[in-house]
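**Q** Take this structure, written in C-alpha cells, and hold onto it; I'll ask about it next.
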Amino acid sequence: MKRLKGRVAVVTGASRGIGRAIALRLAAEGALVAVHYGTRNDAAEETVAAIHASGGQAFTVGAEFESLDGVERFLQGLDKELNRRTGMNQFDILVNNAGIGTSPSFEATSEDEFDLLFAINVKAPFFIVQKSLERIRDGGRIVNISSGVTRIAYPHIMAYNLTKGAINTFTLHLAQLLGPRGITVNSVMPGIVDTDINASWLHTPEGRKYAADMSALGRIGEPSDIADIVAFAVSPDSRWITGQMIDATGGSHL
C-alpha cells in the first residue's frame, strides 16, 4: 500500500544527493512531489524523469534562496504548478533540505560567507514555512534536515554547525506552534553520507575508513538511509512524534 497516495510533498534541494533520494522515496509512496532546485535544472529534470519512469508524479520548481526574493519566486512557481495539477496551491508535506553543506574554518569565515550560510540554511526555511501557513494542510508534516554536528563537535566547520543548531531550535518551537493543527514538525540529523558533496575526500581508502569507523554500524551512510527515515517521519505512522531531533548518523560517536 502506498502510504502517501493523494498527498502533495514539497522537497527543497531535491535535484541531487539526499534531497533527490527523499523525492524518489516519497514519490514511490504515492505522493505528487515538487522537486525544488537552485541552479541545477538539468539534475532536477533527471530526478523528475526517474520518478516518472517508476510510475510516480513530480515536477520541478527552480529558485535560489540567497534572499527573500528567491523564496517568493519559489512559492509563486509552486503555486502555479500546483494549481495547474491539482486546482489548488495546498500541500501536505514540506521537507526543508536545501542548504550549503559546509563552511570555511572558524578563523577563516568571512561575514559574507556567514551571512550566506544563514540566508540559505536558516532564513529560507523559516520564511518558506511562515509564508506557507495557509498552504500546508492541517494534519501535515514538516521535516527539517539538520545534521549530526548539533551533537558531535566539528569546530572546523563552525558557521555551518550554527545554522543546524538554529534549525533544531526552529523545529522545536514550530512543533509547539503548529501542534493544534495536527501538523508535526521534526528534524532529521544525518551524519556523513555518500553524496557528491563529500566525494572529493570520501572516495579514497583513507576517507572511507575514517567515515565508516565513526559509525556503530561500521559503514558509510547512503542517501537512501536518510530518505527512508524521512519517509517514516512524513507518514501517518509518525502521527505521535513531533518536536524531535531524529539522529540519522548510524550511531556515530556514541
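**Q** Any chance you could count how many residues in the range 104-138 are loosely packed, with under 11 Cβ neighbours inside 10 Å and hydroxyl-bearing (Ser, Thr, Tyr)?
**A** Selection size over the range 104-138: 1.
**Q** Just checking: which of the strands (runs of 3 or more DSSP E) contained wholly in the range 1-90 hold 2 or more residues that are over 28 Å from ASP115 (Cα atoms) and modelled with pLDDT under 95?
**A** On the way: elements: 8-11, 32-37, 57-62.
By residue number, no strands (runs of 3 or more DSSP E) qualify.
**Q** Where the second residue is of a type in the set (Ser, Thr, Tyr) and the first is under 14 Å from ALA248 (Cβ atoms) and lies in the range 173-202, which pairs have Cβ atoms under 6 Å and are six or more apart or on separate chains?
**A** So the pair list comes out as SER187/SER146; SER187/THR171; MET189/SER146; MET189/SER147; GLY191/THR249; GLY191/SER252.
**Q** Okay, moving on. Scan the range 223-243 residue by residue and report those that are under 17 Å from GLY148 (Cβ atoms), of a type outside the set (A, V, I, L, M, F, W, C) and touching a residue at least 60 places away in the same chain (Cβ under 8 Å). I'd like the intermediate steps shown before the answer.
**A** As a first pass, look at the range 223-243 and keep what is under 17 Å from GLY148 (Cβ atoms): 223, 225-230, 233.
Now drop any that are not of a type outside the set (A, V, I, L, M, F, W, C), which leaves 223, 225, 228.
Answer for the range 223-243, where residues must be under 17 Å from GLY148 (Cβ atoms), of a type outside the set (A, V, I, L, M, F, W, C) and touching a residue at least 60 places away in the same chain (Cβ under 8 Å): PRO223, ASP228.
The values are calculated or read from the model by the stated rules, or taken from the named source; none is laboratory data. What you see is a predicted model; the values in this text were computed from it and never measured. Positions of Cβ are generated from backbone atoms using ideal geometry, with glycine treated the same way; all protein chains shown enter the neighbour counts.
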